[in-house]
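Participant: Pasting a structure here, questions to come.
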Amino acid sequence: MALLSVLTPVLAVILCLVLGFVLVKSRETTPTPSGKAKGASEADFRPWVDQDLQDDTEITVRDEDGDWVDSHEEDLEHVPYSPSRYSEETMLQRSKDMYTLLNQRRSVRFISPEPVPREVIDNVIRTAGKFRYKEDKWLCTVVLLSFYLLHLLTPPPPSFSWTGTAPSGAHTEPWTFVVVSDPKMKHQIRQIVEEEEEVNYRQRMGDKWVNDLAKFKTNWIKEYLDVAPYLVLIFKQTYGILPNGKKKTHYYNEISVSISCGILLAALQNAGLVTVTSTPLNCGPQLRLLLKRPANEKLLMLLPVGYPASDATVPDLKRKPLEDIMVHI
Ligand SMILES: Cc1cc2nc3c(=O)[nH]c(=O)nc-3n(C[C@H](O)[C@H](O)[C@H](O)COP(=O)(O)O)c2cc1C
């Protein structure tokens, strides 16, 4: 009896410890409202978010090395701005024409191998942002140097610009467009994409996502990556690197690059070319290394560009009417 009375407090303490341990463990695995365990990785919660991309558009990003600079362009000159102004009738017509043009845009997954004039691609990319050619880098260097020397002698004509037309957070222009036409490089890109996409379809995406895509008849085979005369890979620069090696904040870089991609799609349509907006999940790091892009660049989109194949088909989709997408207050 005496032994029991001595052991009771000890047993009570052990019982409390066991209960406490069970409680802590159960908290660690309590499902969140999205139905996933708290300890699960971000990729498990949102499999559609590319692990390399993430959303880092917050405006105060700084890393530990403190190697960042702030912009000191206080004395930026402000110049008069007077774009064309149209009559109401012309405005109406132009707005209708633009709608008619862009309403014909479709994602086309069957692209003709027919060559496309390179200057057209240059202009389309110029409309959206700066460009880099994977092949002919010497030619590119010579052209850039010639323009630089010419620029020293005479100011460039006002209609000419090396940079794109898209707006960007604090005018950081955080985009790089890599244009690939070299058949070997295109094939290497296809191999990387198909390998990852097979894993995406078979494992990462899950049944719901795969079922949602069934009507588009897509899978991991991407013939257009070999066939299209050009592949345009669009990278967002998560930060800038100045000539002195310091880092520069690229505010809202993903939004800025996405806007420039929208302008690029419109420019392609305007030129009579087609593409399919593709976002190959988790292919970014390998493609970045293949294309020798720096670590501050992350792949946002991959666009195969060309004429549509003569037997191209598209899913017969319907678009939402204006009243479903616009709220007028
Ligand atoms: C952000 C984004 C990602 C997309 N990713 C893919 C993709 O990886 N593969 C693909 O075949 N289509 C992709 N698409 C194309 C869509 O399936 C297509 O835009 C949609 O079905 C509407 O068709 P439309 O572009 O012909 O109007 C993507 C579109 C967007 C906007």
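The values are calculated or read from the model by the stated rules, or taken from the named source; none is laboratory data. Bear in mind that the values here come from a model prediction, so they are computed numbers and not experimental data. Don't worry about glycine lacking a Cβ; one is built from the backbone with ideal geometry, like all the others, and counts go over all protein chains shown.
Here's the yes/no breakdown for (1) in contact with a Leu (Cβ under 9 Å, 6 or more places away or on another chain); (2) modelled with pLDDT of 95 or more:
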site: Val193; (1), (2): yes, yes
site: Asn200; (1), (2): yes, no
site: Val210; (1), (2): no, no
site: Gln237; (1), (2): no, yes
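Participant: Continuing with the same structure: Name, by its number, the condition in (1) aliphatic (A, V, I, L, M); (2) surrounded by 12 or more Cβ atoms within 10 Å (Cβ to Cβ); (3) modelled with pLDDT under 95 that does not hold for Leu149.
Facilitator: The number of the failed condition is (2).
Participant: Continuing with the same structure: How many residues, within the range 81-115, are away from the ligand (no atom under 15 Å from the Cβ) and under 24 Å from the mean Cα position of the chain (by Cα)?
Facilitator: 0
Participant: What's the total number of residues in the range 287-329 that are more than 15 Å from the chain's Cα centre (by Cα), assigned to a helix (DSSP H, G or I) and under 17 Å from Gln188 (Cβ atoms)?
Facilitator: Selection size over the range 287-329: 2.
Participant: Here's something else I'd like to know. Just to verify a result, which residue in the range 281-329, among those that are more than 16 Å from the ligand (Cβ to nearest atom) and among the basic types (Lys, Arg), is nearest to Asn219 (Cα to Cα)?
Facilitator: Going through the qualifying residues, I end up with Arg288.
Participant: Val143 fails exactly one of the following numbered conditions: (1) modelled with pLDDT of 50 or more; (2) part of a helix (DSSP H, G or I). What is the number of that condition?
Facilitator: (1)
Participant: Taking the condition of being farther than 24 Å from His187 by Cα, away from the ligand (no atom under 12 Å from the Cβ) and in a loop (DSSP other than H, G, I, E, B), how many residues in the range 201-229 meet it?
Facilitator: 0
Participant: Determine whether Arg94 is surrounded by 13 or more Cβ atoms within 10 Å (Cβ to Cβ), out of contact with any strand residue (DSSP E or B) (no Cβ under 6 Å at 6 or more places or on another chain) and modelled with pLDDT of 95 or more. Full working, then the answer.
Facilitator: On the way: surrounded by 13 or more Cβ atoms within 10 Å (Cβ to Cβ): no; out of contact with any strand residue (DSSP E or B) (no Cβ under 6 Å at 6 or more places or on another chain): yes; modelled with pLDDT of 95 or more: yes.
The answer is no for Arg94.
Participant: Does any residue of the range 211-223 turn out to be without any contact (Cβ under 8 Å) to a residue 60 or more places away in the chain, touching a Phe, Trp or Tyr at 6+ places or on another chain (Cβ under 8 Å) and within 18 Å of Ala312 (Cβ to Cβ)?
Facilitator: yes
Participant: Sticking with this one: Only one of these is surrounded by 19 or more Cβ atoms within 10 Å (Cβ to Cβ) and within 11 Å of Ala128 (Cβ to Cβ): Leu273, Leu281, Leu268. Name it.
Facilitator: Numbers: Leu273 fails: within 11 Å of Ala128 (Cβ to Cβ); Leu281 fails: within 11 Å of Ala128 (Cβ to Cβ).
Within the list Leu273, Leu281, Leu268, the selection yields Leu268.
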